[in-house]
Every structure is written in structure tokens, then in C-alpha cells.
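The next block holds one structure in the form of C-alpha cells; read it before the comments.
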Amino acid sequence: MVITISRETGSGGHTIGKLLAEKLGYAFYDKEIVASAAKEMGIDEKLILENGENMSDQDYIDRKSGLIPHYKQPDVPYEEIKEAQDKVIRSIADKGNCIIVGRGADYILRGRSDVLNVFIHADMEHRVRRVQRHEGVTGQEERIQRELEQKDRSRTMYYRYFTEREWGKVENYTLALDAGVFTKTQCAELIVKAVEMRVIIE
């Protein structure tokens, strides 16, 4: 089984993925994909980390219109980055028994019968509190919310550009879980149950 995890920023999707990998004994991939893609392309990992699943509204408009202003050169090599990431993700999936976080893996692996796609989300209040704990800060709710909304927006634009589907839409996923209602451990346990039921059905 291959499990892909898409997640709203600050919802805890990465942590849930790691817990799930421990419970199932599966390999876990997140930033490892970035490192492999960077090696494949021979470029700085930071370029892929910043642009491997994110795209600004303006970049989306420019690329869709085909009219990229001269002052924007050299442009981010989105297509080349995606091609490298796709290659890494397919290679990982072919090995089986793994968790893959983000990078549009749900779309890249579409059509495979051994894939279970999960979307982790939570209300904004929960996500802001989680970022506050992570950063060790109090207050700054407005700043954190703006950053979370912008991050989600950039993921939406990237996903829309390369898939012509809407990121976060329930029909793109096998299972959607609210990490503001369930704890991270409970989310992992629920996914394990889904894997067990999926195996029985097939």
C-alpha cells in the first residue's frame, strides 16, 4: 500500500504521516523527495523546497497566459522541478509500503489500485495555536493566519496549474480527517483502520 498525505498548512499532516509510518512499519518520505529531486536536477534543494508544491497567483497567471514578462527572467523552472519530483515519487511508490507527504503525489499516482489518498485539515484557530506552539510565541494571531492562508493559496495555485483539479476537494481523496477534532495519534489510528479495511476489500 502507498499512502499519500496532503495537508493544510499547520494541520499536523507531517507529524501524522510520521506516526502512521511508525505504526505500519512503512517508509516515510517528505523532504527526502526534495533532496532526491535536487540531486536529479543538480540544483540547490532550497529552490525545490520553495517551488516544488507552491506557486504564486502572479506566476500562475503568467504561465497560464503564456506571457511571462521579460523582467521575471530567469523564471522558476516549475516544469523541470515537477518532472524530477514525479520521477522520484513514482520510484518510491513502486517499492511499496510507504507514506508520501505533499508534492501532488495523489495526482501523480492516480489510477493505481494500491494508493490511499488522505487529506488532513483543521480549523484556522487550531492551526494558529499549533504554529504558536511550534514557534514558541504568544499572540501574533493575525500574522500567523495571513501566512497560513498564503501558504495554502500557493499550494492551491500549484496544484491547479499542474492537475487542473482543485486542491483539497474531497473527491480527490480516499479519506479526509479533521485534525482539530481528532488528535494526531487518533488520525494515524483511523488511517491504519482504513488501510486494513482497504486490504480486506481488495
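Numbers at a glance
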| quantity | calculated |
| --- | --- |
| Relative contact order [Cα under 8 Å, 6+ residues apart], the chain, whole percent | 38 |
| Globularity index of region 77-122, i.e. its alpha-carbon radius of gyration over 2.2 N^0.38 Å | 1.19 |
| Dipole of the chain, positive direction: furthest Cα of Gly52, Ile108, Met41, with charges on the beta-carbon | Ile108 |
| Relative compactness, the chain, computed as alpha-carbon Rg over 2.2 N^0.38 Å | 1.04 |
| Farthest positive-ward along region 2-194 dipole, Cα basis, beta-carbon charges - from Met157, Ala84, Phe119 | Phe119 |
| Debye log10 I(q)/I(0) at q = 0.24 Å⁻¹ for region 21-123, Cα point scatterers | -1.32 |
| Under the span-like rule (Cα at least 24 Å along the axis, Kyte-Doolittle mean at least -0.5), DSSP H helices of the chain | 184-201 |
| CD proxy at 222 nm, helix term only [per DSSP H run n ≥ 4: -39500 (n - 2.57); per residue of the chain; nearest 500] | -18000 deg cm²/dmol |
| For Asp114, Asp106, Asp94, order by how many other beta-carbon atoms lie within 10 Å, fewest first | Asp94, Asp114, Asp106 |
| About the Cα centre, charge dipole magnitude for the chain (Lys/Arg +1, Asp/Glu -1 at Cβ), debye | 280 |
| Inter-label distance, nm, simple model (7 Å from Cα along the C-beta direction), Arg129/Gln58 | 3.7 |
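Coordinate-derived values only; no laboratory data. This one's a predicted model, so the numbers in the text were calculated from it and none came from an experiment. Every residue, glycine among them, receives a Cβ derived from its backbone with ideal geometry; neighbour counts consider all protein chains shown.
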